[in-house]
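What follows is a single structure, written as structure tokens, with notes after it.
The values are calculated or read from the model by the stated rules, or taken from the named source; none is laboratory data. Here the structure is a predicted model, which is why all the values come from computation and not from measurement. Every residue, glycine among them, receives a Cβ derived from its backbone with ideal geometry; neighbour counts consider all protein chains shown. Ligands, DNA and RNA are stripped out before the accessible areas are found, and what is left, the full protein with its side chains, is counted by its heavy atoms. Shrake-Rupley method; radii C 1.70, N 1.55, O 1.52, S 1.80 Å.
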Amino acid sequence: MANLSVNIGGLELSNPVMTASGTFGYGEEFTPFIDIDRLGAYIIKGTTLNPRQGNDYPRMVETPAGMLNAVGLQNKGVDYFIERIYPRIKDYKSRLIVNVSGANVDDYAETARRLHPLDGIKAIEVNISCPNVKEGGMAFGTTTNGAASVTRAVRQAYPDKTLIVKLSPNVTSIADIARAVEAEGADSVSLINTLMGMSIDVEKRRPHLSTVTGGLSGPAVRPVAVRMVWQVAKAVKIPVIGLGGIMNGRDAIEFMLAGARAVEIGTANFVDPAVTMKVIDFMEDYCRRHGINDINEIVGCI
């Protein structure tokens, strides 16, 4: 059997399959359907310094070949996670990664600082698509300076463990953003986060979402995501994690050929809660059929 293990910025994974934040809860919800220990890693829902109620309903709507969401990072805050949730999920063999969000640079840094002592957490993924409340609401990840400022602060607060920065596709040059966070100490980048979208109820003449706009995910975004992964993989030296519309094993392999060292599966979890296991099985079969001894051999073949 082929070797499926990969290394993401010093973090060893048994295979390249990860789950995307916001689509997998805290992992516990999926135990009736999958063996979490088979995953390379699982990323829990976005965690903030303080509790967040999220946005008003409706905040999700299906679209052709995808969905829009505007959940708004609903969670009970990092302290609640550390005290109440972390003890329940820390002993899985799969790598536990926490997705970190914030309203300002200090929030990001403090959340990372509180997570750092936890032995069961070997990495964090920093969501820089959040709006900067001190700069008129522009998302940190849409400028090189904004992305760099968050990465710099989190790197100082979170030393010696793997720091993944999740990139927004709603930018002019995602390669420039990737280079900016690499320069500030990111160990890896994951992309893409959702594309900004909008859907209108033509009978009621109003948006389907309470926030008017939301994040588009699902297979509709995959060709854009593959292109951006390919661009970023050629622009940086750190490992790239690919995500965006992966629905099956073939999609996952496509991202790896474009340059992704690992992949995250998101919206597909809503359609088939066992999809991650099927993707791992496909990777094993793909390597066997193509005579590949180590899956790392296919990374960036294009």
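If you go through region 25-45 and keep only what is within 26 Å of Glu110 (Cβ to Cβ), at pLDDT 95 or above and touching a Ser or Thr at 6+ places or on another chain (Cβ under 9 Å), you end up with Gly27, Ala41, Tyr42, Ile43, Ile44. The set of residues from region 10-54 being in a strand (DSSP E or B), farther than 18 Å from Ala274 by Cα and in contact with a helix residue (DSSP H, G or I) (Cβ under 9 Å, 6 or more places away or on another chain) comprises just one member, Thr47. The strands (runs of 3 or more DSSP E) falling completely within region 63-152 that include 1 or more residues that are open to solvent by 70 Å² or more (accessible area, probe 1.4 Å), under 22 Å from Ile8 (Cβ atoms) and out of contact with any helix residue (DSSP H, G or I) (no Cβ under 8 Å at 6 or more places or on another chain) map to 95-100, 121-127. The condition (being of a type in the set (Asp, Glu), out of contact with any helix residue (DSSP H, G or I) (no Cβ under 7 Å at 6 or more places or on another chain) and closer than 21 Å to Lys45 by Cα) is satisfied by just one residue among Asp160, Asp187: Asp187.
Of the candidates Ala180, Ala139, the single residue that is hydrophobic (A, V, I, L, M, F, W, C) and within 28 Å of Pro117 (Cα to Cα) is Ala180. When region 259-295 is filtered for residues that are touching a residue at least 60 places away in the same chain (Cβ under 8 Å) and open to solvent by 40 Å² or more (accessible area, probe 1.4 Å), the ones remaining, listed by number, are Arg261, Phe270, Glu284, Arg288, Asn293, Asp294.
What residue, among those in region 69-97 that are of a type in the set (A, V, I, L, M) and in contact with a Lys or Arg (Cβ under 9 Å, 6 or more places away or on another chain), is nearest to Thr151 (Cα to Cα)? Top of the filtered list is Ile97.
For region 1-10, the set of residues classified as open to solvent by 10 Å² or more (accessible area, probe 1.4 Å) and closer than 15 Å to Ile121 by Cβ consists of Gly9, Gly10, listed by residue number.
Can you name every residue in region 210-257 that is under 16 Å from Thr194 (Cβ atoms) and hydroxyl-bearing (Ser, Thr, Tyr)? Correct list: Thr211, Thr213, Ser217.
Taken over region 202-223, the residue count meeting the criterion of being crowded, with 16+ Cβ neighbours inside 10 Å and in contact (Cβ under 8 Å) with a residue 40 or more places away in the chain is 11. Between Ser190, Ser168, Ser199, the distinction of being of a type in the set (Gly, Ala, Ser), open to solvent by 20 Å² or more (accessible area, probe 1.4 Å), on the phi < 0 side of the Ramachandran plot and touching a residue at least 40 places away in the same chain (Cβ under 8 Å) belongs to Ser199 only. As a summary of the residue check, Val61 satisfies the conditions (1) over 19 Å from the mean Cα position of the chain (by Cα); (2) modelled with pLDDT under 95 except for the one numbered (2).
Is it the case that Ala183 is open to solvent by 50 Å² or more (accessible area, probe 1.4 Å) and among the hydrophobic types (A, V, I, L, M, F, W, C)? Criteria met by Ala183. Here Val232 passes the criteria (1) within 21 Å of Val271 (Cα to Cα); (2) open to solvent by less than 10 Å² (accessible area, probe 1.4 Å); (3) of a type outside the set (Asp, Glu) except the one numbered (1).
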